[in-house]
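Novice: Input: one structure, supplied below.
Taken together, the values in this text are just the output of simple stated rules run on the coordinates, not laboratory data. Everything numeric here is computed off the predicted structure, so don't read it as measured data. Cβ coordinates were reconstructed from backbone atoms using ideal geometry, including for glycine residues, and neighbour counts include every protein chain displayed.
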Amino acid sequence: MKKFVSLLLALLMVASLAACGKKADDSNNNSNESKTLVMGTSADYAPFEFMYKGEDGTMQYGGIDVSVGQYIADSMGKELKVENMSFDYLLPSLVKGDFDIVIAAMEADGDRLKSADFSDPYYTDLPPAILVKAADADSYKTLADFSGKSVAAQTGTTKLDIVNEQLTGANAVPLSLVTDMVNELVNGKVDAILVDGAVAQQYASTNKDLVIADASSELGAAQPYCVAVAKGDPKGLLPAINAAIAKMNEENKLESFISAADALKDVWQEVTADDPS
Ligand code: ARG
């Protein structure tokens, strides 16, 4: 029996080595010739990217950005492969060559331009917003009301910059997962969280204890989301990505991507809540 188990282990190792080898080939330097398009994302940001249990019981990636990635991959004649990671690790991994592209409700923000190039915008969200507990809503009429309060935002995002720059006197709490931020707010560990507009709306509509604070209207406009590739576009993907985005806009695809994400609302909510990671 022991012998059998070690034989099995040896076989498994060979199999996984073979799988690694295949993967290395696939993501070879010039990914334009590869059959897969590897998309990095941070699947904690419904309705843009999230996980849900599919009909066959396996976990699936869903959301507007996943549909955008699928559309781009289809138009390039490639298969889409999604990889999940906390938001602050996305660009370093893109630079290392772990992904071909990043789609994660990501803005083409100044510092990021050092390590990445960005496509044309594919979507402009609702303005950013601050979520608070419904019971506390009356205390947050203006941004000044957050002075002395703890406000969480996701590490490495422009939303954390906004907390630091516009919420004078607030105590900024950086957290790496948005799903954790929401839990901290629900459990009263932080007073508020700052996220992008559609994400705030999604949580406010699915969680009756949370509302968008009136003060949010002072935060200013949303910046558009773009697809990132490594600096200098070493795989030569940007022209095809921009062509796909142009066609996607012409065909008004975003609308159907938004309703497809919306249709998964109940499923993602349940899964992210008990996801241990
Ligand atoms: N739009 C913000 C940014 O570009 C936050 C994006 C967070 N995305 C995510 N998938 N968690 O920094």
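Novice: Please arrange I258, I193, I245 by counting, for each residue, the other beta carbons lying within 10 Å of its beta carbon, fewest first.
Specialist: Sorted ascending by nearby Cβ count, the order is I258, I245, I193.
Novice: Quick one: how many lysine pairs does the stretch 146-277 have with C-alpha atoms less than 29 Å apart and a gap of 8 or more or different chains? Give me the count, please.
Specialist: Step by step, the pairs that qualify in the stretch 146-277 add up to 17.
Novice: What's the magnitude of the charge dipole for the stretch 47-87 around its Cα centre, counting Lys and Arg as +1 and Asp and Glu as -1 at the beta-carbon? Answer in Debye, nearest 20.
Specialist: For the stretch 47-87, the charge dipole is close to 60 debye.
Novice: Fully extended, how many nm does the chain gain between A246 and T142 (0.36 nm per residue separation, minus their Cα-Cα distance)?
Specialist: 33.6 nm
Novice: Right, next: Run the helix sum for the chain: -39,500 (n - 2.57) per DSSP H stretch of 4+ residues, divided by residue count, reported at 222 nm to the nearest 500 deg cm²/dmol.
Specialist: Counting only the DSSP helices, I get -11500 deg cm²/dmol.
Novice: What's the local net charge at A213, with K and R +1, D and E -1, over the other residues with C-beta under 12 Å away?
Specialist: It works out to a net charge of -3.
Novice: When you count, for each residue, the other Cβ atoms within 10 Å and take the mean per peptide, how do 53-59, 109-115 rank with the highest first?
Specialist: Most protected by this proxy first, the peptides run 109-115, 53-59.
Novice: Applying the Karplus parametrisation 6.51 cos²θ - 1.76 cosθ + 1.60 with θ = phi - 60° to the phi angles of the stretch 86-97, what ³J(HN,Hα) value in whole Hz is obtained for each residue in order, glycine and proline being reported as x?
Specialist: 5, 3, 5, 9, 5, 5, x, 6, 5, 4, 5, x
Novice: In square nanometres and to one decimal, what's the mean projected area of the convex hull around the Cα atoms of the chain?
Specialist: 16.9
Novice: Is the shape of the stretch 28-155 best called rounded, prolate or oblate, per the rule: a/c under 1.5 gives rounded, else a/b larger than b/c gives prolate, else oblate, with a ≥ b ≥ c the square roots of the Cα gyration tensor eigenvalues?
Specialist: It comes out prolate by the Cα gyration axes.
Novice: Follow-up question, since we're still on this one. Taking the Cα centre of the chain as origin and charging only Cβ (+1 Lys, Arg; -1 Asp, Glu), how large is the dipole, in debye to the nearest 20?
Specialist: 1000
Novice: Compute the Cα gyration tensor for the stretch 41-84, then decide on rounded, prolate or oblate, letting a ≥ b ≥ c be the square roots of its eigenvalues: rounded whenever a/c is under 1.5, prolate when a/b is larger than b/c in the other cases, and oblate in all that remain.
Specialist: Oblate, since a/c reaches 1.5 and b/c is not below a/b.
Novice: In Å and on Cα atoms, what radius of gyration and Dmax does the stretch 152-277 show?
Specialist: 17.3, 47
Novice: From the phi of every residue in the stretch 113-123, what ³J(HN,Hα) in whole Hz does the Karplus formula 6.51 cos²θ - 1.76 cosθ + 1.60 yield, where θ is phi - 60° and glycine or proline is x?
Specialist: Listing the rounded values in order: 5, 5, 10, 9, 10, 10, 6, 4, x, 10, 6 Hz.
Novice: Based on the alpha-carbon gyration tensor of the stretch 138-226 and its eigenvalue square roots a ≥ b ≥ c, which shape applies: rounded if a/c is under 1.5, prolate if not and a/b is larger than b/c, or oblate?
Specialist: Note, shape of the stretch 138-226 comes out rounded.
Novice: If each residue's Cβ is checked for other Cβ atoms within 10 Å, how do V190, V227, V151, V267 rank with the fewest at the top?
Specialist: Starting with the residue having the fewest Cβ neighbours, the order is V267, V190, V151, V227.
Novice: For a quick check: with amide H placed at 1.01 Å from N, whose amide H comes under 5 Å from V82's, ignoring anything fewer than 5 positions away on the same chain?
Specialist: The list, which skips near neighbours in sequence, is M39.
Novice: Here is a follow-up. Counting only complete DSSP H runs, which helices of the chain cover 15 Å or more along their long axis at the Cα atoms and score a mean Kyte-Doolittle of 0.5 or above?
Specialist: Helices passing the filter in the chain: 2-26.
Novice: Tell me which of L237, A260, I162 sits at the most positive position along the dipole axis of the stretch 160-266, charges placed on C-beta atoms (Lys, Arg +1; Asp, Glu -1).
Specialist: The residue sitting most towards the positive pole is L237.
Novice: Which residues' amide hydrogens lie under 5 Å from the amide hydrogen of K231, considering only partners 5 or more residues apart or on another chain, with H built in the peptide plane?
Specialist: A116, D117
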